[in-house]
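Following: one structure in C-alpha coordinates, then a few remarks.
The values are calculated or read from the model by the stated rules, or taken from the named source; none is laboratory data. Computed from a prediction, not measured in an experiment: that's the story for all the values here. With ideal geometry, Cβ positions are generated from the backbone for all residues, glycine too; neighbour counts draw on all protein chains shown.
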Amino acid sequence: MGKYSLFLHSSFLKTIFTISFFLLLFISSISYNHTKSLKILTELLVHSYKIQIQLEQLLSYVKDAETGQRGYIITNDSTFLDPYIRGREKVNKSFIVLKELIKNQPKQQANLQELRHLIDARFIRLANSLASISAYGTTQLLGENMVKGKEIMDSIRSLINQMIDLEISYFNSHQAKYNREISFTPFITLLLLLFSLLIIILSFLKINQDLNNLKDSNEKLLITTESIKHAEIIGEFCTSIWDMKANKLIYSDNLYRLLGCEPQSFEPTIDNYLEFIHPDDKSIISRGARDILFNHDTYPHFYRVIRKDDKQRYFQSMGKFIGNSTHISVIKDVTEAHLSSLVLEERNRELEQSNKELAYFNQIASHDLQEPLRKIQTFISLLTTKESSALSEVGKDYFSRIQTSANRMRKLIDDLLLFSRTNKIDKSFEETDLNLILKNVLLELSTSIEEKRADIKSDLLPVLKVIPFQIYQLFQNLISNSLKYSKPDVLPFINFNCEKITAKSYPILKTSSNNVYYKISVKDNGLGFEQQYAEKIFTIFKRLHTSAEYPGTGMGLSICKKIVENHSGFIFAEGWPGIGSVFTIFLPAE
(Lines give C-alpha, C1' and ligand atoms only; values in the text may rest on other atoms or scores of the structure.)
Protein backbone atom coordinates (compact mmCIF):
# COMPACT_ATOMS: atom_id res chain seq x y z
CA MET A 1 0.00 0.00 0.00
CA GLY A 2 2.94 2.33 0.85
CA LYS A 3 4.64 1.71 -2.50
CA TYR A 4 1.39 2.28 -4.34
CA SER A 5 0.86 5.55 -2.50
CA LEU A 6 4.41 6.61 -3.41
CA PHE A 7 3.77 5.65 -7.01
CA LEU A 8 0.75 7.93 -7.07
CA HIS A 9 2.54 10.75 -5.28
CA SER A 10 2.31 14.01 -7.20
CA SER A 11 6.06 14.78 -7.39
CA PHE A 12 6.85 11.21 -8.43
CA LEU A 13 4.24 11.31 -11.18
CA LYS A 14 5.50 14.67 -12.40
CA THR A 15 9.02 13.26 -12.71
CA ILE A 16 7.77 10.16 -14.55
CA PHE A 17 5.64 12.24 -16.88
CA THR A 18 8.53 14.61 -17.62
CA ILE A 19 10.93 11.76 -18.42
CA SER A 20 8.25 9.96 -20.45
CA PHE A 21 7.43 13.12 -22.33
CA PHE A 22 11.02 13.72 -23.41
CA LEU A 23 11.55 10.06 -24.26
CA LEU A 24 8.34 10.07 -26.23
CA LEU A 25 9.45 13.25 -27.94
CA PHE A 26 12.82 11.66 -28.77
CA ILE A 27 11.22 8.45 -30.09
CA SER A 28 8.68 10.50 -32.01
CA SER A 29 11.46 12.52 -33.65
CA ILE A 30 13.20 9.28 -34.64
CA SER A 31 9.91 7.91 -35.93
CA TYR A 32 9.29 11.13 -37.81
CA ASN A 33 12.73 11.08 -39.44
CA HIS A 34 12.30 7.39 -40.21
CA THR A 35 8.89 7.99 -41.78
CA LYS A 36 10.25 10.97 -43.68
CA SER A 37 13.12 8.84 -45.00
CA LEU A 38 10.67 6.11 -46.03
CA LYS A 39 8.56 8.69 -47.79
CA ILE A 40 11.56 10.05 -49.71
CA LEU A 41 12.66 6.54 -50.68
CA THR A 42 9.12 5.70 -51.77
CA GLU A 43 9.00 8.85 -53.85
CA LEU A 44 12.36 7.92 -55.45
CA LEU A 45 11.12 4.41 -56.23
CA VAL A 46 7.97 5.82 -57.76
CA HIS A 47 10.04 8.41 -59.58
CA SER A 48 12.27 5.70 -61.17
CA TYR A 49 9.18 3.69 -62.05
CA LYS A 50 7.60 6.72 -63.71
CA ILE A 51 10.73 7.31 -65.82
CA GLN A 52 10.75 3.67 -66.90
CA ILE A 53 7.09 3.82 -67.89
CA GLN A 54 7.58 7.12 -69.69
CA LEU A 55 10.57 5.72 -71.67
CA GLU A 56 8.57 2.65 -72.61
CA GLN A 57 5.67 4.88 -73.70
CA LEU A 58 8.08 7.00 -75.74
CA LEU A 59 9.35 3.88 -77.54
CA SER A 60 5.77 2.76 -78.01
CA TYR A 61 4.82 6.09 -79.64
CA VAL A 62 7.74 5.77 -82.12
CA LYS A 63 6.78 2.16 -82.87
CA ASP A 64 3.15 3.20 -83.44
CA ALA A 65 4.26 5.89 -85.88
CA GLU A 66 6.48 3.38 -87.70
CA THR A 67 3.70 0.74 -87.79
CA GLY A 68 1.18 3.25 -89.13
CA GLN A 69 3.57 4.24 -91.90
CA ARG A 70 4.09 0.61 -92.92
CA GLY A 71 0.34 0.05 -93.03
CA TYR A 72 -0.09 3.04 -95.27
CA ILE A 73 2.74 1.87 -97.61
CA ILE A 74 1.26 -1.59 -97.86
CA THR A 75 -2.41 -0.65 -98.21
CA ASN A 76 -2.18 2.89 -99.45
CA ASP A 77 -4.97 3.56 -96.88
CA SER A 78 -4.51 7.00 -95.31
CA THR A 79 -6.21 5.94 -92.03
CA PHE A 80 -3.02 4.07 -91.17
CA LEU A 81 -1.25 7.44 -90.98
CA ASP A 82 -3.20 8.55 -87.83
CA PRO A 83 -0.67 6.96 -85.35
CA TYR A 84 2.15 8.57 -87.33
CA ILE A 85 0.51 12.00 -87.37
CA ARG A 86 -0.42 11.91 -83.62
CA GLY A 87 2.81 10.14 -82.68
CA ARG A 88 4.92 13.25 -83.10
CA GLU A 89 2.73 15.22 -80.72
CA LYS A 90 2.74 12.42 -78.14
CA VAL A 91 6.51 12.10 -78.41
CA ASN A 92 6.94 15.83 -77.74
CA LYS A 93 4.69 15.65 -74.67
CA SER A 94 6.57 12.60 -73.44
CA PHE A 95 9.86 14.45 -73.82
CA ILE A 96 8.50 17.31 -71.74
CA VAL A 97 7.49 14.89 -68.95
CA LEU A 98 10.81 13.07 -69.09
CA LYS A 99 12.75 16.31 -69.05
CA GLU A 100 10.95 17.29 -65.82
CA LEU A 101 11.46 13.84 -64.25
CA ILE A 102 15.22 13.72 -64.87
CA LYS A 103 16.02 17.37 -64.16
CA ASN A 104 18.23 16.28 -61.21
CA GLN A 105 19.92 13.41 -63.15
CA PRO A 106 22.74 14.79 -65.37
CA LYS A 107 23.56 11.40 -66.94
CA GLN A 108 19.96 10.75 -67.92
CA GLN A 109 19.68 14.31 -69.25
CA ALA A 110 22.57 13.59 -71.67
CA ASN A 111 20.94 10.31 -72.69
CA LEU A 112 17.62 12.12 -73.20
CA GLN A 113 19.31 14.74 -75.38
CA GLU A 114 20.85 11.98 -77.55
CA LEU A 115 17.52 10.15 -77.64
CA ARG A 116 15.85 13.34 -78.86
CA HIS A 117 18.23 13.53 -81.82
CA LEU A 118 17.68 9.87 -82.71
CA ILE A 119 13.89 10.14 -82.58
CA ASP A 120 13.96 13.33 -84.62
CA ALA A 121 16.15 11.53 -87.17
CA ARG A 122 13.73 8.57 -87.19
CA PHE A 123 10.77 10.83 -87.89
CA ILE A 124 12.74 12.50 -90.68
CA ARG A 125 13.32 9.06 -92.27
CA LEU A 126 9.62 8.29 -91.87
CA ALA A 127 8.76 11.54 -93.63
CA ASN A 128 11.29 10.80 -96.39
CA SER A 129 9.82 7.33 -96.85
CA LEU A 130 6.37 8.83 -97.40
CA ALA A 131 7.77 11.38 -99.81
CA SER A 132 9.63 8.73 -101.85
CA ILE A 133 6.42 6.86 -102.64
CA SER A 134 5.33 9.48 -105.17
CA ALA A 135 8.84 10.24 -106.52
CA TYR A 136 10.79 8.53 -109.36
CA GLY A 137 12.64 5.40 -108.30
CA THR A 138 10.25 4.85 -105.49
CA THR A 139 11.31 1.39 -104.57
CA GLN A 140 14.98 2.17 -104.27
CA LEU A 141 14.49 5.34 -102.21
CA LEU A 142 11.90 3.68 -99.98
CA GLY A 143 14.21 0.78 -99.38
CA GLU A 144 17.12 3.03 -98.47
CA ASN A 145 14.97 5.06 -96.08
CA MET A 146 13.58 1.98 -94.43
CA VAL A 147 17.05 0.45 -93.95
CA LYS A 148 18.37 3.72 -92.47
CA GLY A 149 15.19 4.00 -90.35
CA LYS A 150 15.70 0.51 -88.99
CA GLU A 151 19.27 1.39 -87.98
CA ILE A 152 18.07 4.52 -86.20
CA MET A 153 15.25 2.58 -84.53
CA ASP A 154 17.75 0.01 -83.24
CA SER A 155 19.82 2.84 -81.79
CA ILE A 156 16.66 4.29 -80.16
CA ARG A 157 15.81 0.93 -78.62
CA SER A 158 19.36 0.48 -77.42
CA LEU A 159 19.49 3.95 -75.82
CA ILE A 160 16.08 3.59 -74.22
CA ASN A 161 17.12 0.21 -72.81
CA GLN A 162 20.26 1.82 -71.41
CA MET A 163 18.21 4.54 -69.78
CA ILE A 164 15.78 1.99 -68.38
CA ASP A 165 18.67 -0.12 -67.09
CA LEU A 166 20.10 2.96 -65.40
CA GLU A 167 16.76 3.72 -63.75
CA ILE A 168 16.48 0.09 -62.70
CA SER A 169 19.89 0.40 -61.01
CA TYR A 170 18.64 3.56 -59.28
CA PHE A 171 15.44 1.73 -58.37
CA ASN A 172 17.33 -1.24 -56.93
CA SER A 173 19.55 1.06 -54.87
CA HIS A 174 16.51 2.91 -53.48
CA GLN A 175 14.77 -0.41 -52.93
CA ALA A 176 17.67 -1.67 -50.81
CA LYS A 177 17.65 1.49 -48.71
CA TYR A 178 13.89 1.27 -48.37
CA ASN A 179 14.13 -2.34 -47.17
CA ARG A 180 16.76 -1.40 -44.60
CA GLU A 181 14.69 1.53 -43.31
CA ILE A 182 11.45 -0.38 -43.18
CA SER A 183 13.09 -3.17 -41.16
CA PHE A 184 13.37 -0.69 -38.25
CA THR A 185 9.73 0.31 -38.46
CA PRO A 186 8.32 -2.50 -36.20
CA PHE A 187 10.92 -1.77 -33.51
CA ILE A 188 10.30 1.97 -33.55
CA THR A 189 6.53 1.40 -33.64
CA LEU A 190 6.74 -1.04 -30.71
CA LEU A 191 8.91 1.38 -28.71
CA LEU A 192 6.53 4.22 -29.40
CA LEU A 193 3.59 2.03 -28.48
CA LEU A 194 5.20 0.92 -25.18
CA PHE A 195 5.97 4.46 -24.09
CA SER A 196 2.54 5.62 -25.16
CA LEU A 197 1.03 2.74 -23.19
CA LEU A 198 3.14 3.70 -20.15
CA ILE A 199 1.93 7.28 -20.32
CA ILE A 200 -1.65 6.10 -20.77
CA ILE A 201 -1.36 3.82 -17.71
CA LEU A 202 0.17 6.57 -15.59
CA SER A 203 -2.43 9.00 -16.82
CA PHE A 204 -5.18 6.53 -16.01
CA LEU A 205 -3.84 5.98 -12.49
CA LYS A 206 -3.50 9.71 -11.90
CA ILE A 207 -6.89 10.50 -13.40
CA ASN A 208 -8.46 7.68 -11.38
CA GLN A 209 -6.87 9.04 -8.21
CA ASP A 210 -7.99 12.57 -9.07
CA LEU A 211 -11.49 11.30 -9.80
CA ASN A 212 -11.60 9.58 -6.42
CA ASN A 213 -10.31 12.72 -4.74
CA LEU A 214 -12.79 14.79 -6.71
CA LYS A 215 -15.57 12.42 -5.69
CA ASP A 216 -14.56 12.69 -2.04
CA SER A 217 -14.27 16.47 -2.35
CA ASN A 218 -17.67 16.67 -4.02
CA GLU A 219 -19.21 14.57 -1.25
CA LYS A 220 -17.60 16.76 1.40
CA LEU A 221 -18.65 19.87 -0.51
CA LEU A 222 -22.20 18.53 -0.74
CA ILE A 223 -22.24 17.84 3.00
CA THR A 224 -20.78 21.27 3.70
CA THR A 225 -23.28 22.95 1.37
CA GLU A 226 -26.20 21.14 2.96
CA SER A 227 -24.84 21.93 6.43
CA ILE A 228 -24.56 25.60 5.52
CA LYS A 229 -28.11 25.59 4.14
CA HIS A 230 -29.46 24.06 7.35
CA ALA A 231 -27.26 26.34 9.45
CA GLU A 232 -28.66 29.35 7.58
CA ILE A 233 -32.21 28.22 8.30
CA ILE A 234 -31.50 27.47 11.97
CA GLY A 235 -29.38 30.58 12.52
CA GLU A 236 -31.70 32.82 10.47
CA PHE A 237 -28.93 34.17 8.28
CA CYS A 238 -28.07 34.04 4.57
CA THR A 239 -25.24 34.84 2.18
CA SER A 240 -24.81 37.01 -0.87
CA ILE A 241 -21.92 36.71 -3.36
CA TRP A 242 -21.18 39.63 -5.68
CA ASP A 243 -18.87 38.91 -8.63
CA MET A 244 -18.06 42.48 -9.63
CA LYS A 245 -15.98 41.46 -12.64
CA ALA A 246 -18.99 39.69 -14.17
CA ASN A 247 -21.43 42.08 -12.44
CA LYS A 248 -23.37 39.09 -11.11
CA LEU A 249 -25.09 38.54 -7.76
CA ILE A 250 -25.86 35.18 -6.15
CA TYR A 251 -28.31 34.98 -3.25
CA SER A 252 -28.58 31.89 -1.05
CA ASP A 253 -31.99 30.24 -0.80
CA ASN A 254 -32.47 31.39 2.78
CA LEU A 255 -32.34 35.06 1.77
CA TYR A 256 -35.54 34.52 -0.15
CA ARG A 257 -37.06 32.68 2.83
CA LEU A 258 -36.13 35.52 5.19
CA LEU A 259 -37.94 37.87 2.81
CA GLY A 260 -41.00 35.60 2.81
CA CYS A 261 -40.46 34.38 -0.76
CA GLU A 262 -39.83 31.07 -2.45
CA PRO A 263 -36.14 30.33 -3.10
CA GLN A 264 -34.83 31.91 -6.32
CA SER A 265 -38.26 33.42 -7.01
CA PHE A 266 -36.77 36.69 -8.32
CA GLU A 267 -33.58 37.68 -10.10
CA PRO A 268 -30.78 38.46 -7.62
CA THR A 269 -30.11 42.15 -8.25
CA ILE A 270 -29.67 45.14 -5.95
CA ASP A 271 -32.73 46.85 -7.44
CA ASN A 272 -34.91 43.81 -6.75
CA TYR A 273 -33.54 43.57 -3.21
CA LEU A 274 -34.27 47.26 -2.63
CA GLU A 275 -37.97 46.49 -3.22
CA PHE A 276 -37.99 44.78 0.20
CA ILE A 277 -36.05 47.50 2.07
CA HIS A 278 -37.90 49.94 4.32
CA PRO A 279 -38.26 53.26 2.45
CA ASP A 280 -36.30 55.13 5.13
CA ASP A 281 -33.40 52.62 4.91
CA LYS A 282 -33.01 52.24 1.12
CA SER A 283 -30.19 54.80 1.14
CA ILE A 284 -28.20 52.55 3.51
CA ILE A 285 -28.16 49.72 0.94
CA SER A 286 -27.54 52.03 -2.04
CA ARG A 287 -24.68 53.83 -0.31
CA GLY A 288 -23.20 50.53 0.90
CA ALA A 289 -23.28 49.08 -2.64
CA ARG A 290 -21.49 52.15 -4.01
CA ASP A 291 -18.84 52.00 -1.30
CA ILE A 292 -18.20 48.32 -2.04
CA LEU A 293 -18.06 48.85 -5.80
CA PHE A 294 -15.93 51.99 -5.95
CA ASN A 295 -14.02 52.13 -2.65
CA HIS A 296 -13.86 48.45 -1.60
CA ASP A 297 -15.19 49.54 1.80
CA THR A 298 -16.86 46.91 3.96
CA TYR A 299 -18.61 47.76 7.22
CA PRO A 300 -21.71 46.51 9.07
CA HIS A 301 -25.16 47.66 7.94
CA PHE A 302 -28.28 47.67 10.08
CA TYR A 303 -31.59 48.22 8.31
CA ARG A 304 -35.23 47.25 8.16
CA VAL A 305 -36.96 45.10 5.55
CA ILE A 306 -40.62 44.67 4.69
CA ARG A 307 -41.28 41.01 3.97
CA LYS A 308 -43.62 39.82 1.29
CA ASP A 309 -46.27 39.28 4.01
CA ASP A 310 -45.82 42.96 5.06
CA LYS A 311 -44.10 42.06 8.32
CA GLN A 312 -41.22 44.30 9.34
CA ARG A 313 -37.92 42.64 10.23
CA TYR A 314 -34.50 43.94 11.21
CA PHE A 315 -31.43 42.79 9.24
CA GLN A 316 -27.72 43.20 9.88
CA SER A 317 -25.08 42.51 7.23
CA MET A 318 -21.30 42.26 7.20
CA GLY A 319 -19.13 41.79 4.13
CA LYS A 320 -15.65 40.74 3.14
CA PHE A 321 -13.62 40.72 -0.09
CA ILE A 322 -12.31 37.44 -1.47
CA GLY A 323 -9.64 38.45 -3.94
CA ASN A 324 -10.05 41.76 -5.71
CA SER A 325 -13.40 41.34 -7.41
CA THR A 326 -15.56 39.04 -5.26
CA HIS A 327 -17.49 40.34 -2.26
CA ILE A 328 -19.27 38.02 0.16
CA SER A 329 -21.93 39.32 2.56
CA VAL A 330 -23.48 37.54 5.52
CA ILE A 331 -26.96 38.85 6.30
CA LYS A 332 -28.67 37.94 9.58
CA ASP A 333 -32.21 38.47 10.80
CA VAL A 334 -31.62 40.18 14.18
CA THR A 335 -35.25 41.11 14.85
CA GLU A 336 -35.58 39.15 18.10
CA ALA A 337 -32.16 40.31 19.33
CA HIS A 338 -32.97 43.92 18.42
CA LEU A 339 -36.38 43.81 20.13
CA SER A 340 -34.79 42.15 23.16
CA SER A 341 -32.17 44.90 23.13
CA LEU A 342 -34.91 47.51 23.16
CA VAL A 343 -36.56 45.74 26.09
CA LEU A 344 -33.17 45.49 27.81
CA GLU A 345 -32.55 49.20 27.27
CA GLU A 346 -35.92 49.93 28.81
CA ARG A 347 -35.11 47.63 31.71
CA ASN A 348 -31.74 49.34 32.09
CA ARG A 349 -33.48 52.70 32.21
CA GLU A 350 -35.84 51.32 34.84
CA LEU A 351 -32.88 49.84 36.73
CA GLU A 352 -31.04 53.13 36.51
CA GLN A 353 -34.09 54.86 37.89
CA SER A 354 -34.33 52.20 40.60
CA ASN A 355 -30.66 52.72 41.45
CA LYS A 356 -31.29 56.44 41.72
CA GLU A 357 -34.21 55.74 44.05
CA LEU A 358 -32.02 53.31 46.03
CA ALA A 359 -29.30 55.93 46.28
CA TYR A 360 -31.93 58.36 47.47
CA PHE A 361 -33.06 55.74 50.01
CA ASN A 362 -29.48 55.31 51.17
CA GLN A 363 -29.25 59.02 51.66
CA ILE A 364 -32.47 58.96 53.67
CA ALA A 365 -31.27 55.94 55.63
CA SER A 366 -27.93 57.59 56.25
CA HIS A 367 -29.31 60.91 57.43
CA ASP A 368 -33.06 61.35 57.60
CA LEU A 369 -33.85 57.96 59.24
CA GLN A 370 -30.89 57.93 61.58
CA GLU A 371 -31.50 61.43 62.90
CA PRO A 372 -34.96 60.66 64.47
CA LEU A 373 -33.60 57.31 65.64
CA ARG A 374 -30.74 59.03 67.43
CA LYS A 375 -33.25 61.40 69.10
CA ILE A 376 -35.42 58.45 70.18
CA GLN A 377 -32.38 56.73 71.69
CA THR A 378 -31.30 59.98 73.39
CA PHE A 379 -34.70 60.67 74.95
CA ILE A 380 -35.08 57.03 76.05
CA SER A 381 -31.65 57.26 77.70
CA LEU A 382 -32.64 60.56 79.46
CA LEU A 383 -35.97 59.15 80.62
CA THR A 384 -34.31 56.00 81.89
CA THR A 385 -31.66 58.03 83.75
CA LYS A 386 -33.73 60.89 85.16
CA GLU A 387 -37.27 59.59 85.38
CA SER A 388 -36.74 55.93 86.11
CA SER A 389 -37.76 56.43 89.76
CA ALA A 390 -41.14 57.72 88.65
CA LEU A 391 -41.77 54.72 86.44
CA SER A 392 -43.36 51.52 87.53
CA GLU A 393 -41.68 48.20 86.88
CA VAL A 394 -43.96 47.70 83.86
CA GLY A 395 -42.99 51.12 82.49
CA LYS A 396 -39.31 50.35 82.96
CA ASP A 397 -39.82 47.10 81.06
CA TYR A 398 -41.54 48.97 78.20
CA PHE A 399 -38.72 51.48 77.98
CA SER A 400 -36.17 48.67 77.96
CA ARG A 401 -37.94 47.00 75.07
CA ILE A 402 -38.17 50.32 73.19
CA GLN A 403 -34.42 50.83 73.66
CA THR A 404 -33.65 47.30 72.42
CA SER A 405 -35.81 47.80 69.32
CA ALA A 406 -34.16 51.15 68.60
CA ASN A 407 -30.73 49.54 68.88
CA ARG A 408 -31.81 46.75 66.50
CA MET A 409 -33.18 49.40 64.11
CA ARG A 410 -29.82 51.20 64.13
CA LYS A 411 -27.96 47.93 63.51
CA LEU A 412 -30.30 47.06 60.66
CA ILE A 413 -29.82 50.47 59.02
CA ASP A 414 -26.03 50.19 59.38
CA ASP A 415 -26.04 46.70 57.80
CA LEU A 416 -28.28 47.87 54.95
CA LEU A 417 -25.92 50.74 54.24
CA LEU A 418 -22.95 48.37 54.34
CA PHE A 419 -24.66 45.92 51.94
CA SER A 420 -25.55 48.81 49.61
CA ARG A 421 -21.94 50.04 49.54
CA THR A 422 -20.75 46.48 48.87
CA ASN A 423 -23.17 46.21 45.93
CA LYS A 424 -21.63 49.26 44.28
CA ILE A 425 -18.31 47.40 43.94
CA ASP A 426 -15.49 49.81 44.63
CA LYS A 427 -13.03 49.25 41.75
CA SER A 428 -9.95 50.31 43.70
CA PHE A 429 -8.12 46.98 43.85
CA GLU A 430 -4.79 47.10 45.70
CA GLU A 431 -1.91 44.70 46.26
CA THR A 432 -2.69 43.71 49.85
CA ASP A 433 -1.25 41.32 52.42
CA LEU A 434 -4.26 39.36 53.76
CA ASN A 435 -2.29 38.50 56.92
CA LEU A 436 -2.30 42.19 57.91
CA ILE A 437 -6.02 42.46 57.29
CA LEU A 438 -6.69 39.42 59.48
CA LYS A 439 -4.42 40.86 62.20
CA ASN A 440 -6.37 44.15 62.21
CA VAL A 441 -9.70 42.28 62.35
CA LEU A 442 -8.51 40.28 65.37
CA LEU A 443 -7.46 43.49 67.09
CA GLU A 444 -10.88 45.01 66.56
CA LEU A 445 -12.66 41.89 67.82
CA SER A 446 -10.21 41.35 70.67
CA THR A 447 -12.80 42.12 73.37
CA SER A 448 -15.27 39.53 72.05
CA ILE A 449 -12.45 37.03 71.52
CA GLU A 450 -11.27 37.45 75.11
CA GLU A 451 -14.81 37.18 76.48
CA LYS A 452 -15.36 33.93 74.59
CA ARG A 453 -11.78 32.79 75.31
CA ALA A 454 -11.61 31.83 71.62
CA ASP A 455 -8.55 30.24 70.00
CA ILE A 456 -7.96 31.53 66.45
CA LYS A 457 -5.18 30.14 64.25
CA SER A 458 -4.26 30.78 60.61
CA ASP A 459 -1.97 29.50 57.87
CA LEU A 460 0.12 32.01 55.99
CA LEU A 461 -2.27 33.95 53.76
CA PRO A 462 -1.30 35.29 50.30
CA VAL A 463 -0.72 38.79 48.97
CA LEU A 464 -3.49 39.55 46.49
CA LYS A 465 -5.02 42.39 44.53
CA VAL A 466 -8.21 43.03 46.49
CA ILE A 467 -10.50 45.75 47.77
CA PRO A 468 -8.98 46.02 51.25
CA PHE A 469 -11.95 47.27 53.27
CA GLN A 470 -14.23 44.60 51.72
CA ILE A 471 -11.84 41.75 52.59
CA TYR A 472 -11.60 43.27 56.07
CA GLN A 473 -15.41 43.15 56.29
CA LEU A 474 -15.40 39.55 54.97
CA PHE A 475 -12.99 38.28 57.65
CA GLN A 476 -14.76 40.29 60.37
CA ASN A 477 -18.19 38.89 59.49
CA LEU A 478 -16.94 35.28 59.31
CA ILE A 479 -15.12 35.47 62.68
CA SER A 480 -18.03 37.32 64.31
CA ASN A 481 -20.42 34.70 62.97
CA SER A 482 -18.32 31.87 64.43
CA LEU A 483 -18.07 33.63 67.82
CA LYS A 484 -21.80 34.35 67.87
CA TYR A 485 -22.82 30.75 67.14
CA SER A 486 -20.25 29.08 69.40
CA LYS A 487 -21.42 26.42 71.88
CA PRO A 488 -21.93 27.74 75.45
CA ASP A 489 -19.98 24.97 77.17
CA VAL A 490 -17.12 24.69 74.65
CA LEU A 491 -14.26 27.12 74.10
CA PRO A 492 -14.49 28.44 70.49
CA PHE A 493 -11.81 27.33 68.02
CA ILE A 494 -11.49 29.05 64.61
CA ASN A 495 -8.88 27.95 62.05
CA PHE A 496 -7.91 29.65 58.74
CA ASN A 497 -6.44 27.20 56.19
CA CYS A 498 -5.00 28.34 52.82
CA GLU A 499 -3.78 26.49 49.72
CA LYS A 500 -3.25 27.19 46.03
CA ILE A 501 -5.39 25.10 43.64
CA THR A 502 -6.53 24.84 40.01
CA ALA A 503 -10.20 25.23 39.19
CA LYS A 504 -10.59 21.96 37.28
CA SER A 505 -9.49 19.94 40.34
CA TYR A 506 -12.60 21.12 42.27
CA PRO A 507 -15.88 19.94 40.65
CA ILE A 508 -17.81 22.28 42.94
CA LEU A 509 -16.53 25.21 40.82
CA LYS A 510 -18.19 23.63 37.75
CA THR A 511 -15.38 24.45 35.31
CA SER A 512 -12.62 22.55 33.48
CA SER A 513 -10.31 25.56 33.14
CA ASN A 514 -6.76 25.76 34.50
CA ASN A 515 -7.43 29.02 36.36
CA VAL A 516 -5.55 29.24 39.65
CA TYR A 517 -7.29 30.15 42.92
CA TYR A 518 -6.40 30.52 46.59
CA LYS A 519 -8.69 28.34 48.67
CA ILE A 520 -9.20 29.88 52.15
CA SER A 521 -11.23 27.74 54.58
CA VAL A 522 -12.60 29.17 57.86
CA LYS A 523 -13.47 26.26 60.16
CA ASP A 524 -15.07 26.47 63.63
CA ASN A 525 -16.39 24.11 66.30
CA GLY A 526 -19.67 25.97 66.88
CA LEU A 527 -23.31 25.02 66.67
CA GLY A 528 -23.16 24.18 62.95
CA PHE A 529 -26.28 23.81 60.81
CA GLU A 530 -28.16 21.37 58.64
CA GLN A 531 -26.54 21.03 55.19
CA GLN A 532 -29.90 21.72 53.52
CA TYR A 533 -29.50 25.35 54.61
CA ALA A 534 -26.00 25.70 53.10
CA GLU A 535 -27.18 28.01 50.31
CA LYS A 536 -30.07 29.71 52.10
CA ILE A 537 -27.83 31.20 54.80
CA PHE A 538 -26.32 33.53 52.17
CA THR A 539 -29.76 34.99 51.40
CA ILE A 540 -30.33 38.51 52.71
CA PHE A 541 -32.27 38.64 56.02
CA LYS A 542 -32.21 34.80 56.19
CA ARG A 543 -31.75 33.59 59.79
CA LEU A 544 -31.62 30.05 61.20
CA HIS A 545 -32.21 31.30 64.75
CA THR A 546 -34.52 33.93 66.27
CA SER A 547 -33.20 37.35 67.28
CA ALA A 548 -34.09 36.48 70.86
CA GLU A 549 -31.65 33.55 70.79
CA TYR A 550 -28.86 35.23 68.79
CA PRO A 551 -28.95 38.97 68.00
CA GLY A 552 -28.36 40.15 64.44
CA THR A 553 -30.02 41.25 61.21
CA GLY A 554 -29.34 38.19 59.01
CA MET A 555 -27.24 40.18 56.54
CA GLY A 556 -23.67 39.27 57.54
CA LEU A 557 -23.26 36.22 55.28
CA SER A 558 -25.11 37.96 52.42
CA ILE A 559 -22.49 40.70 52.62
CA CYS A 560 -19.74 38.02 52.61
CA LYS A 561 -21.16 36.45 49.45
CA LYS A 562 -21.39 39.82 47.69
CA ILE A 563 -17.79 40.68 48.64
CA VAL A 564 -16.46 37.38 47.26
CA GLU A 565 -18.46 37.85 44.04
CA ASN A 566 -17.02 41.36 43.70
CA HIS A 567 -13.59 39.67 43.62
CA SER A 568 -14.69 37.12 40.92
CA GLY A 569 -14.52 34.37 43.50
CA PHE A 570 -16.75 31.72 45.07
CA ILE A 571 -17.94 30.97 48.62
CA PHE A 572 -19.47 27.75 49.92
CA ALA A 573 -20.67 26.61 53.33
CA GLU A 574 -20.72 23.19 55.01
CA GLY A 575 -22.34 22.48 58.38
CA TRP A 576 -22.76 19.67 60.85
CA PRO A 577 -25.26 20.26 63.70
CA GLY A 578 -23.47 20.28 67.10
CA ILE A 579 -20.05 19.83 65.45
CA GLY A 580 -19.32 23.04 63.61
CA SER A 581 -19.11 24.61 60.14
CA VAL A 582 -16.64 25.44 57.38
CA PHE A 583 -16.84 28.45 55.06
CA THR A 584 -14.65 27.94 51.96
CA ILE A 585 -13.61 30.94 49.86
CA PHE A 586 -11.98 30.73 46.41
CA LEU A 587 -10.19 33.94 45.36
CA PRO A 588 -8.39 34.27 41.95
CA ALA A 589 -4.62 34.06 42.30
CA GLU A 590 -4.11 36.70 39.59
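Just a few scattered comments:
- The single residue among S29, S37, S11 that is at pLDDT 70 or above and within 38 Å of the chain's Cα centre (by Cα) turns out to be S11.
- Where a residue in the stretch 69-97 is farther than 15 Å from L55 by Cβ and its partner, wherever it lies, is of a type in the set (A, V, I, L, M) and in a helix (DSSP H, G or I), with Cβ under 6 Å and at least six apart: Q69/L126; Y72/L81; P83/A65; Y84/A65; G87/A65
- Among the residues making up the stretch 240-256, those that are of a type outside the set (A, V, I, L, M, F, W, C) and surrounded by fewer than 18 Cβ atoms within 10 Å (Cβ to Cβ) are D243, K245, N247, K248, D253.
- Among the residues listed as D281, D271, D297, D243, the single one being in contact with a Ser or Thr (Cβ under 6 Å, 6 or more places away or on another chain) and farther than 21 Å from S227 by Cα: D243
- All conditions in (1) farther than 30 Å from S196 by Cα; (2) polar (S, T, N, Q); (3) exposed (fewer than 15 other Cβ atoms within 10 Å of the Cβ) hold for T42, with the sole exception of (1).
- Any hit, the stretch 188-209, residues being of a type in the set (D, E, K, R) and within 21 Å of the chain's Cα centre (by Cα): no
- Residue within the stretch 120-136 that is β-branched (V, I, T), modelled with pLDDT of 75 or more and touching a helix residue (DSSP H, G or I) at 6+ places or on another chain (Cβ under 8 Å) present: no
- Selection from the stretch 237-278 of residues that are in contact (Cβ under 8 Å) with a residue 60 or more places away in the chain, touching a helix residue (DSSP H, G or I) at 6+ places or on another chain (Cβ under 9 Å) and in a strand (DSSP E or B): F237, C238, T239, S240, W242
- Condition broken by N76, with the remaining ones in (1) at positive phi; (2) at pLDDT 80 or above satisfied: (2)
- The set of residues in the stretch 148-179 that are of a type in the set (G, A, S) and either touching a residue at least 40 places away in the same chain (Cβ under 8 Å) or not assigned by TED's automatic domain parsing to the domain that holds L38 (or both) contains only G149.
- Condition check for I182: more than 28 Å from the chain's Cα centre (by Cα), surrounded by 11 or more Cβ atoms within 10 Å (Cβ to Cβ) and not assigned by TED's automatic domain parsing to the domain that holds S28: no
- Selection within the stretch 303-331 - in a strand (DSSP E or B), within 16 Å of E236 (Cβ to Cβ) and over 27 Å from the mean Cα position of the chain (by Cα): Y303, R304, V305, Q312, R313, Y314
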